[in-house]
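All remarks here apply to the structure that follows.
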Amino acid sequence: MPVLHLIDAFAAGPFTGNPAAVVLLSEPADAHWMQQLAMEMNQAETAFLVPRSDGYDLRWFTPAAEVDLCGHATLASAHFLWEGGHLPQGATAQFHTRSGVLSAERSPDGLITIDLPTIHSTVIPAPPTLARALGVTSRSVLRGDFDLLCVLDAAESVRTLRPDQRLLAEHDVRGVLVTAESDRPEMDFVSRCFFPRLGIPEDPVTGSAHCALAPYWQDVLGSSTLRAWQASPRGGMLRCEVVGDRVRLGGQAVTTLRGEVAT
């Protein structure tokens with residue numbers, strides 16, 4: 001039977017960060033079955049791994065749809081491979097995905113760094129219903145490959161945001177990212193991420209969102225190395241480095257559940 005682990009990614013300890021279900025398959029599975037299992041797990045993402053000669057095929061499913069890029073489930077997948085002995089401790093994890101080949105490395109202290117594509121965002125006029133959906137007016141609004149990126153004037157406004165999920169879901173994007181410069185010296189910027197169209201009202205810690213957030217804040221703050229805090233109720237810290245057309249995201253992971261999938 002396929003092995004399944006529940007892993008908290010970008011986590012300071014158990015029950016923090018963003019949980020992802022990781023399933024190791026011996027061969028490719030039917031997409032409908034994977035979607036049903038993702039619905040059953042009801043996590044922000046369920047990742048499916050299939051071994052190949054040069055790494056692993058990796059696909060990500062929310063409870064509602066397959067997605068093109070997911071950072072936290074990639075980090076969780078790498079943790080799964082090292083922890084379970086499927087990959088030597090010093091080896092680089094290679095994943096073949098809808099977003100190309102992604103890699104992950106782990107340092108001796110357990111920090112996992114994943115390498116993802118950069119997402120550049122363009123300033124656009126704010127959609128007419130966006131301020132009402134968020135309950136606050138954005139200083140600027142940008143659009144990237146997947147999401148709207150909304151910049152607020154204050155980090156406290158990000159932390160206290162109570163958006164209307166129904167109105168957010170009416171916007172024709174994967175999700176809505178809300179961000180501001182940090183008001184705390186240990187972090188450079190804060191964010192929250194909402195994906196109601198994918199069945200995820202608020203994602204706890206979103207790696208793929210930081211493929212857009214890190215380049216934006218690099219331009220604003222003038223630094224390619226950034227510390228980010230995603231201010232969801234679970235919360236999570238990401239170490240971000242923009243390197244050309246790639247974003248390197250670092251974080252810890254911890255396994256909270258091990259089991260098997262009945263087939």
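The values are calculated or read from the model by the stated rules, or taken from the named source; none is laboratory data. These figures come from a predicted structure and were not determined experimentally. As a convention, Cβ positions derive from the backbone with ideal geometry for all residues, glycine included, and neighbour counts pool all protein chains shown. We work out accessible area using only protein heavy atoms, side chains counted, and drop any ligands, DNA or RNA first. Shrake-Rupley method; radii C 1.70, N 1.55, O 1.52, S 1.80 Å.
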* To do: Might you let me know whether the range 38-45 holds any residue that is among the polar types (S, T, N, Q) and either within 27 Å of residue 145 (Cα to Cα) or part of a helix (DSSP H, G or I) (or both)?
  => yes
* Taking the range 186-205 as the search range and keeping residues that are in contact with a Phe, Trp or Tyr (Cβ under 7 Å, 6 or more places away or on another chain) and aliphatic (A, V, I, L, M), which one is surrounded by the most Cβ atoms within 10 Å (Cβ to Cβ)? -> 205
* Asked: So is residue 31 closer than 26 Å to residue 197 by Cα and open to solvent by less than 10 Å² (accessible area, probe 1.4 Å) or not?
  -> no
* Give me the pairs: first residue in the range 154-168 and modelled with pLDDT of 95 or more, second residue of a type in the set (Asp, Glu), beta-carbon distance under 9 Å, and six or more apart or on different chains, which are they? -> 154/181; 154/183; 155/181; 155/183; 156/183; 163/202; 165/202
* To do: Report, by residue number, each residue of the range 1-16 that is surrounded by 22 or more Cβ atoms within 10 Å (Cβ to Cβ) and either aliphatic (A, V, I, L, M) or modelled with pLDDT under 95 (or both).
  => 7, 9, 11
* Name the single residue, out of those in the range 214-243 being of a type in the set (Gly, Ala, Ser) and either at pLDDT below 95 or in contact with a Gly (Cβ under 7 Å, 6 or more places away or on another chain) (or both), that is farthest from residue 188 (Cα to Cα). => 235
* Structure fact -> Of the residues in the range 119-167 that are open to solvent by less than 20 Å² (accessible area, probe 1.4 Å) and part of a loop (DSSP other than H, G, I, E, B), the one that is nearest to residue 70 (Cα to Cα) is 119
* Hits in the range 15-63 (condition: touching a strand residue (DSSP E or B) at 6+ places or on another chain (Cβ under 7 Å) and either without any contact (Cβ under 8 Å) to a residue 12 or more places away in the chain or among the hydroxyl-bearing types (Ser, Thr, Tyr) (or both)) -> 16, 46, 56, 62
* Candidates 60, 33, filtered to the one that is more than 17 Å from residue 207 (Cβ to Cβ), aromatic (Phe, Trp, Tyr) and either at pLDDT 95 or above or touching a Cys at 6+ places or on another chain (Cβ under 6 Å) (or both) -> 33
* Within the range 168-185, restricting attention to residues that are of a type in the set (Asp, Glu) and assigned to a loop (DSSP other than H, G, I, E, B), which residue is surrounded by the fewest Cβ atoms within 10 Å (Cβ to Cβ)? -> 172
* Structure fact -> Note: among 110, 90, just one is at pLDDT below 95 and under 20 Å from the mean Cα position of the chain (by Cα), namely 110
* Please tell me if residue 208 is hydroxyl-bearing (Ser, Thr, Tyr), open to solvent by less than 20 Å² (accessible area, probe 1.4 Å) and either closer than 29 Å to residue 82 by Cα or assigned to a loop (DSSP other than H, G, I, E, B) (or both). => yes
* To do: Considering only residues that are within 17 Å of residue 25 (Cβ to Cβ) and aromatic (Phe, Trp, Tyr), look in the range 51-108 and name the one that is most open to solvent (accessible area, probe 1.4 Å).
  => 56
* What about residue 50, is it assigned to a strand (DSSP E or B) and over 14 Å from residue 255 (Cβ atoms)? -> yes
* **Residue list for the range 236-260, filter: surrounded by fewer than 17 Cβ atoms within 10 Å (Cβ to Cβ), within 25 Å of residue 38 (Cα to Cα) and either of a type outside the set (S, T, N, Q) or without any contact (Cβ under 8 Å) to a residue 12 or more places away in the chain (or both)** => 257, 258, 259, 260
